[in-house]
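Take a look at the following structure, please.
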Amino acid sequence: MFFLNAGQSSWDKFVGDFVFNLIEKDRWKYLWNGLGVTLKITLFAVLLGILIGMVVAIVRSTHDMTGKMKIPNFICKAYLSVIRGTPVMVQLLIAYFVIFTSPGISKVMVAILAFGINSGAYVAEIFRSGIMSIDKGQFEAGRSLGFSYVQTMTLIIMPQALKNVLPALGNEFIVLLKETSISGYIALEDLTKGGDIIRSQTFNAMFPLITVAVIYWIFVAGLSHLLTIFERRLRTSEH
């Protein structure tokens, strides 16, 4: 009977905390709205990062293989050095407080640009490794068919490289999803900030923050599972 009552007491406390922190005054909306902001930033930052990464990877791999594009390659190497050598939080703060200082600027747009530019540096190296993994005979075959270098790269090399690096791109998406949790430093009400707002209202730190952590974990676990399935299908299609 003692253990039964103890269990009921713990359950009652959990229900009470749940109602107090999330149901009363519709506080759950802070998490719901914050989740929408987090996913929006992540999605568009990933797309921007892929675009930047592809351009940088093509420039650097072209220089490695042909020795051409020395000035663009120098710029790309400087970009990679700066972005990969400084914390993403500092980059976000510089973007908001130094570069985009206009009071009318969208905080979501600033976050997308900051995280996208940061992600692009890592995606670039992912793409470059994929391009360099393609056999040089593929380049020669493309040129022998009359394709220009650009046509060979876009029609023959990049599709194969993209297939090789898709799992790594999926991991970059997961990492970026978690990195956006620092968006609150520019007063952006993302998922993490939503939990912090609830904490400030209820003076209960554990329940809202644990709830935020669980939501992140659910999304990361779900994306990891989808990525595993996708990798398995890629391996199957190669046989």
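Please check: in the Gaussian network model of the chain (C-alpha springs, under 10 Å), which one of T42, T192, T228 has the largest mean-square fluctuation.
The residue with the greatest mean-square fluctuation here is T228.
While we're on this one: In the calculated pair distance distribution of the stretch 99-214, what percentage of Cα-Cα distances lie above 17 Å? Write out the running numbers ahead of the final one.
On the way: 4543 of 6670 pairs.
That fraction is 68 percent.
In degrees, nearest 10, range 0 to 90: what is the angle between the Cα axis of helix 191-202 and the longest Cα principal axis of the chain?
Once rounded, one gets 20 degrees.
Moving to a separate point now. Taking the chain as a Gaussian network, Cα atoms linked when under 10 Å apart, which of I41, I197, I52 shows the biggest mean-square fluctuation?
Answer for the Gaussian network model of the chain: I197.
What is the magnitude of the charge dipole of the chain about its Cα centre, with +1 placed on the Cβ of each Lys and Arg, -1 on the Cβ of each Asp and Glu, and no other charges, expressed in debye to the nearest 20?
Values: 21 positive and 15 negative charges, 108 e Å.
So the dipole magnitude of the chain works out to roughly 520 debye.
Ok, one more. So, in nm, how far is label L162 from label R233 when the simple model puts each one 7 Å beyond its Cα toward the Cβ?
Calculated label separation equals 1.6 nm.
Tell me, in nm to one decimal, what length is gained between K25 and I75 on full extension, where the rule is 0.36 nm per residue of separation less the Cα-Cα distance?
Numbers: separation 50, 0.36 × 50 = 18.00 nm, distance 5.19 nm.
Fully extending the segment from K25 to I75 adds 12.8 nm.
Of the residues D64, D190, D135, which exhibits the maximal mean-square fluctuation in a Gaussian network model of the chain defined by a 10 Å Cα contact cut-off?
The residue with the greatest mean-square fluctuation here is D135.
Right, next: Given a cut-off of 27 Å, name the pairs among K40/K68; K29/K163; K77/K193; K70/K136; K68/K136 whose C-alpha atoms lie farther apart than that in the structure shown.
On the way: K40/K68 38 Å; K29/K163 39 Å; K77/K193 35 Å; K70/K136 21 Å; K68/K136 17 Å.
The pairs that break the limit, which is 27 Å between Cα atoms, are K40/K68; K29/K163; K77/K193.
Of the listed values (i) 1.12; (ii) 1.08; (iii) 0.94, grab the one calculated as Rg/Rh (Cα atoms, Kirkwood Rh) from the structure here.
Derived directly from the coordinates: (i).
Angle between the Cα long axis of helix 107-132 and the longest principal axis of the chain, 0 to 90 degrees, nearest 10?
Around 40 degrees separate the two axes.
Give a residue-ordered list of calculated ³J(HN,Hα) values for the stretch 30-39 (Karplus: 6.51 cos²θ - 1.76 cosθ + 1.60, θ = phi - 60°; whole Hz; x for Gly, Pro).
4, 6, 5, 5, x, 5, x, 5, 4, 5
For the chain, take the longest principal axis of its alpha carbons; what is the angle in degrees between that and the long axis of helix 206-237, to the nearest 10 within 0 to 90?
Once rounded, one gets 30 degrees.
Principal axes first, then extents: for the Cα atoms of the stretch 37-165, list largest minus smallest coordinate on each axis, whole Å, largest first.
That works out to 56, 29, 21 Å along the principal axes.
Laboratory data are not the source of any read-out in this text; all were calculated from the coordinates shown. In this text the structure is predicted, and so the values were computed from the model without any measurement. All Cβ positions, glycine included, derive from the backbone under ideal geometry; neighbour counts span all protein chains shown.
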